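A short write-up of the structure that comes next.
The values are calculated or read from the model by the stated rules, or taken from the named source; none is laboratory data. Since we're looking at a predicted model, the values are computed, not measured. FYI the Cβ positions are ideal-geometry reconstructions off the backbone, even for glycines, and counts take in every protein chain you see. Ligands, DNA and RNA are stripped out before the accessible areas are found, and what is left, the full protein with its side chains, is counted by its heavy atoms. Shrake-Rupley method; radii C 1.70, N 1.55, O 1.52, S 1.80 Å.
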Amino acid sequence: MGRSVTYLVVALAVLAVIVIGIVVRTRRPATARSGGRSSDARTAEPPRGDPVRLRLGDRVRIREREYAVSGTIRLVEGDWSWVQHLLDDGSGTRYRLSVEDGPELELVLWTAEPGASVTPGAPTIELGRRRYTWAETGQARYTATEETGLPAAGTMRYHDYQAGGTARLSFEAYGEEGWRVARGDLLDPADLTIRPTSGEH
């Protein structure tokens, strides 16, 4: 009788451990979905050197050239937003780095073409021995900070073209001004190295 009771107690203990294990395994995914990853994504700080959060004076090395951030333009079109950082390498040429932080980070380095005589609207445009194909057109609201040469807020119209895998062409008009033309090069995130002025971004 005593031995039977012992076996019964042991069997019940083993069964209890198995049941607890099943409950824990089935509850963990529910906990992760309800408050784990999504909660962390809202509260965690972006990594140091996040290109979305560049600010005046930060140094950016793109491939073999280094630039200083001189201003930032933030744009919103419906549910879509992106950032353009104006870059200065001391040469007098106007550069900007556009950052779209969607499902995948998209970085484009733009070089101004102030002497270009082309205008947007055609299905294809030829510039610099390259043919670009129309990609998208739209209008966004913007806010500008630091040395951009723009009013603090306003609207911007744009036409975007592309050629091959990484070549881009953009036309932008801020407020009532004429079109600004720029050639773009799609970057790999590994092409970018950021040196903040100080502190964490």
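If you go through the range 57-79 and keep only what is open to solvent by 80 Å² or more (accessible area, probe 1.4 Å) and either in contact (Cβ under 8 Å) with a residue 12 or more places away in the chain or closer than 18 Å to Val181 by Cα (or both), you end up with Arg59, Arg61, Arg63, Arg65, Arg74.
Does the range 106-122 contain at least one residue that is under 19 Å from the mean Cα position of the chain (by Cα), touching a residue at least 12 places away in the same chain (Cβ under 8 Å) and more than 18 Å from Gly71 (Cα to Cα)? Checked against the condition, which is being under 19 Å from the mean Cα position of the chain (by Cα), touching a residue at least 12 places away in the same chain (Cβ under 8 Å) and more than 18 Å from Gly71 (Cα to Cα), the range 106-122 yields at least one hit. Scanning the range 125-157 for residues being farther than 28 Å from Asp79 by Cα and in a strand (DSSP E or B) gives a total of 5.
Please work out if Glu104 is open to solvent by 50 Å² or more (accessible area, probe 1.4 Å) and of a type outside the set (Lys, Arg). Criteria met by Glu104. Of all residues in the range 167-197, those satisfying the criterion of being closer than 18 Å to Leu105 by Cβ and surrounded by fewer than 13 Cβ atoms within 10 Å (Cβ to Cβ) are Asp188, Pro189, Ala190, Thr193.
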